[in-house]
Amino acid sequence: MTNSVYTLPAPYNEPVKDYAPGSPERAALKAELTRQLNDSVEVPVIINGQAVRTGNVREIVCPHDHSRALGTFHMAGEDEIHAAIDAAMAAKPFWEAMDWQERAAIFLKAADLMSQKYTAKINAATMLGQSKNAFQAEIDSTCELADFLRFNVKFMEEIYTGQPRSGRGIWNRTEYRPLEGFIFALSPFNFTAIAGNLSSAPAMMGNTVVWKPASTAVLSGYFIMEIFKEAGLPDGVINFIPGRGSQIGRILLSHRDLAGIHFTGSTGVFQTLWQKTGEHIDTYTSYPRIVGETGGKDYIFVHPSADVTQAATAAVRGAFEYQGQKCSACSRLYLPKSLWPAFEERLGEQIKEIKMGPVTDFSNFVNAVIDEKAFDTIAGYIERAENSEDAEVIIGGERDKSRGYYIQPTVILAKEPDYETMAEEIFGPVLTIFVYPDDDLEATLDLLDSTSAYALTGAIFARDRGVVNHLMARLTHTAGNFYINDKPTGAVVGQQPFGGSRKSGTNDKAGSPLNLLRWTSPRTIKETFVPPEDFRYPFMDES
Ligand code: NAD
């Protein structure tokens, strides 16, 4: 019985723990890292709440020490993929009918479990499995994930509160129904929080989900599933199927009950998903909602009036944190010639101090890139730059995959503004700088606008307020998340809703009501209290 209008707890951003020497969180994390390194996890497929072991297993390894296995995971095959869809469809009526406040309670509890009881566990899994340092793991798998859950619950309430006006004698209502069918969630390797959000946001709005995690982030994904279960999520609401993307995609995207795709990952994969959906458009019961946040070629534009040290620091943090494997990572930078000598010096000084190595040594700022494929792609860009007349590698460039997939923070100077590393997403610790003549501001802004197909994040550095306003207007469509005198990474849920346009995605802003709205199909209800009993209108009388 719900004879009350409940008030939900106010959302807040989870405070970031600093893991300083001597702190209890550092001791707990170190102990958990040791435990997971000495353990061997067997990650199953999870369908209708049941662990399924298919026997088709892959190793889970540490990117910074690929001889070190953390365990194995089972790959879903055709039977499991079909079973996951069936489970999602079977769970639907019960889940749809559950009071939304009860759904809210599940995800609020999951947020507290993640940020209290299991923070060391989920951070350690993200560190070891995805090669993040302690701070990067904390802001991702503990803080951002808890923030997504707590803020989304609040946004759900706001959406449901949105109701139409009613005239005399009638009552108008809007019911925010879940979509008809299941949601296909596909998550990338680089953020545990994104994985948790992609699967949970549609579920929060009353949908059921089939979730395919990235093969290089299965461990943290599995722990998220365990936490959702402990928080009370009913069986079948989210079904977890690690496996081959192309096989899973082929089956789910041709299913009549596909109601939506919640994707974050590369632009190429997203375009394939969209194309396949188009090919099957006659098959579906409804038009699937397609939400995808994809690649980026994120920039910093430095104006001659900028503070050089601040701009250089933003470049170092923006380009090299998590080895540049953030969709928002700064990977191209435009610098006026007058500031170049000072900027080059500050950049060099800071990069010289960066330590690279395994995540278990907390003094390392940079760890390994995710896998051999990524390593080879990034190394290919560096090698071509080393041999190109249009570019010069001025800092870093060393790489070694013998033990872990290590690539030194690398800076390339582009002699041509459209050199490939100024235009293409590399997704590694590589920053390319183009030095522009101070008096060529407008032409350089045109270059920035037109060089890359992406429009995810961008930052400007300038002190002159008139210039700030001008740049903001000139660069309107170059970034969905725009920063003034700040690095282009580190969006916080509830503060800077995240997403880009052009080839960077559908810009449905993860961690905002805009995203949650996509998982609803509103029903408008009009009720007339005293309906008319005569079809004739007054104007029909002649006298
Ligand atoms: P990816 O595109 O390789 O993989 C994403 C997911 O799709 C994974 O689960 C993968 O297994 C699956 N997949 C791959 N091929 C598939 C296919 N043919 N059919 C169905 N599924 C398939 O991306 P990634 O390497 O894991 O992540 C890095 C990318 O994600 C970068 O491009 C980055 O910019 C982007 N990203 C974007 C955002 C954003 O908010 N815009 C955030 C994080 C990452």
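The values are calculated or read from the model by the stated rules, or taken from the named source; none is laboratory data. It should be emphasised that the depicted structure is a prediction, and the values quoted were computed from it without experimental measurement. For neighbour counting, all protein chains shown are included, and Cβ atoms are generated from backbone atoms with ideal geometry for every residue, glycine included. Please note that ligands, DNA and RNA were not included when accessible areas were found on the heavy atoms of the full protein model with its side chains. Shrake-Rupley method; radii C 1.70, N 1.55, O 1.52, S 1.80 Å.
Considering the zone a paramagnetic label at Gln116 would reach in this model (a point 7 Å from Cα along the Cα-to-Cβ line), which residues of the stretch 1-27 have amide N under 15 Å from it?
9-10, 12, 14-15, by backbone N distance to the label point.
Going from the alpha-carbon gyration tensor of the chain, what semi-axes, largest first and in whole Å, does one get by taking the root of 5 times each eigenvalue?
Numbers: eigenvalues 346, 190, 95 Å².
The three semi-axes for the chain are 42, 31, 22 Å.
Relative to the present Cα-Cα distance, how much length would full extension add between Phe535 and Glu180 at 0.36 nm per residue of separation? Numbers along the way, then the final one.
Details: separation 355, 0.36 × 355 = 127.80 nm, distance 3.63 nm.
124.2 nm is the gain from fully extending Phe535 to Glu180.
Stokes-Einstein at 25 °C, 0.890 mPa s, Kirkwood radius from Cα pairs: D for the stretch 1-72 in µm² s⁻¹?
Here the translational diffusion coefficient equals 146 µm²/s.
Measuring from centroid to centroid over Cα atoms, what is the spacing of the stretch 351-410 and the stretch 153-201 in Å?
Using only Cα atoms, the two centres lie 41 Å from each other.
How about the stretch 155-208: which trypsin sites (Lys or Arg not before Pro) there are in a DSSP loop, with at most 15 other Cβ atoms within 10 Å of their Cβ?
Here the trypsin sites (Lys or Arg not before Pro) that fit, given the DSSP loop and packing criteria, are Arg165, Arg168.
Go ahead and collect, in residue order, the members of the stretch 326-350 whose backbone nitrogen is under 11 Å from a label point 7 Å along the Cα-Cβ direction of Gln496.
328-330
Given N residues in the stretch 216-294, what is its alpha carbon radius of gyration divided by 2.2 N^0.38 Å?
Relative to the rule-of-thumb radius for its length, the stretch 216-294 sits at 1.22.
Please report, as a whole percent, how much of the solvent-accessible surface of the stretch 280-394 comes from carbon and sulfur atoms (probe radius 1.4 Å).
Accessible surface attributable to carbon and sulfur in the stretch 280-394 totals 46 percent.
Rounded to whole Hz and in sequence order, give me ³J(HN,Hα) for the stretch 284-297 from the Karplus expression 6.51 cos²θ - 1.76 cosθ + 1.60, θ = phi - 60°, writing x for Gly and Pro.
7, 5, 10, 6, x, 6, 10, 10, x, 10, 10, x, x, 9
Let me make sure I get this right: for the stretch 355-403, a, b and c are the square roots of the gyration tensor eigenvalues over alpha carbons, sorted descending. Under 1.5 in a/c it's rounded, otherwise prolate if a/b > b/c, else oblate. Which is it? Walk me through the intermediate numbers first.
On the way: a/c = 3.44, a/b = 1.78, b/c = 1.93.
Since a/c reaches 1.5 but b/c is at least a/b, the shape of the stretch 355-403 is classed as oblate.
Total Lys pairs in the stretch 298-484 closer than 25 Å by alpha-carbon, pairs eight or more apart in sequence or interchain only?
Eligible lysine pairs with Cα atoms under 25 Å apart amount to 11.
Cα axis of helix 218-230 to longest principal axis of the chain: angle in degrees, 0 to 90, nearest 10?
Computed tilt is about 30 degrees.
Give the value in nm², to one decimal: projected area of the alpha carbon convex hull of the stretch 65-137, averaged over all directions.
Numbers: hull surface 29.8 nm².
Computing the convex hull of the Cα atoms and averaging its projections yields 7.4 nm².
How far apart, in nanometres, would the label points at Lys415 and Gln101 be if each is projected 7 angstrom from Cα along the Cα-to-Cβ direction?
Those two pseudo-labels are separated by 7.0 nm.
Calculate the tail of P(r) for the stretch 298-484: the fraction of all Cα-Cα distances greater than 20 Å, expressed in %. Numbers along the way, then the final one.
Details: 8898 of 17391 pairs.
Value for the stretch 298-484 (Cα pairs over 20 Å): 51 percent.
Ignoring ligands, DNA and RNA, what accessible area per residue does the stretch 298-484 give at 1.4 Å, in Å²?
39 Å²
Return the Rg/Rh ratio of the stretch 246-290 with Cα-based radii and a Kirkwood Rh.
We get a ratio of 0.93 for the stretch 246-290.
Which three lengths, in whole Å and largest first, does the stretch 462-543 cover when its Cα atoms are put on their principal axes?
Rounded to whole Å, the extents work out to 75, 32, 24 Å.
Given a Förster distance of 35 angstrom, what is the FRET efficiency for Ile354 paired with Asn13, based on the Cβ-Cβ distance and rounded to 0.05? Don't jump to the answer; show the numbers that get you there.
Values: r = 27 Å, r/R0 = 0.78.
So, using R0 = 35 Å, E works out to roughly 0.80.
How much of the accessible area of the stretch 48-157, probe 1.4 Å, is carbon plus sulfur, in whole percent?
Looking at the stretch 48-157 in its full context, I get 51 percent from C and S.
Between Ser4 and Asp439, 0.36 nm times their residue separation minus their Cα-Cα distance comes to what?
The Ser4-Asp439 span can extend by a further 150.1 nm.
Treating the Cα atoms of the stretch 164-231 as identical point scatterers in vacuum, please give the log10 of the normalised Debye intensity I(q)/I(0) at q = 0.20 Å⁻¹, two decimals.
-0.80
Which whole-angstrom value gives the distance between the alpha carbon centres of the stretch 1-28 and the stretch 73-121?
Rounded to whole Å, the Cα centres lie 21 Å apart.
If you average the C-alpha positions of the stretch 527-543 and of the stretch 260-301 separately, how far apart do those two centres end up, in angstrom?
50 Å
Calculated from DSSP H runs of 4 or more alone, at -39500 (n - 2.57) each and per residue, what is the 222 nm mean residue ellipticity of the chain, nearest 500? Don't jump to the answer; show the numbers that get you there.
Values: 17 runs with 200 residues, N = 543.
Taking each H run of at least 4 residues, the total per residue is -11500 deg cm²/dmol.
Quick one: of the DSSP bridges fully inside the chain, what percent are antiparallel, nearest 5?
40 percent
Over 23 Å apart: what share of the alpha carbon pairs of the stretch 107-244 falls there, rounded to a whole percent?
36 percent
Under the classification rounded if a/c is under 1.5, otherwise prolate if a/b is larger than b/c and oblate if not, where does the stretch 30-166 fall, given a ≥ b ≥ c as square roots of the Cα gyration tensor eigenvalues?
Oblate.
For the residue pair Asp400 and Thr272, what label-to-label distance in nm results when each label sits 7 Å from Cα along the Cα-to-beta-carbon direction?
Taking the two extended label points, one gets 3.4 nm.
Run through the DSSP bridge list for the stretch 298-484 and note the antiparallel percent, rounded to the nearest 5.
20 percent
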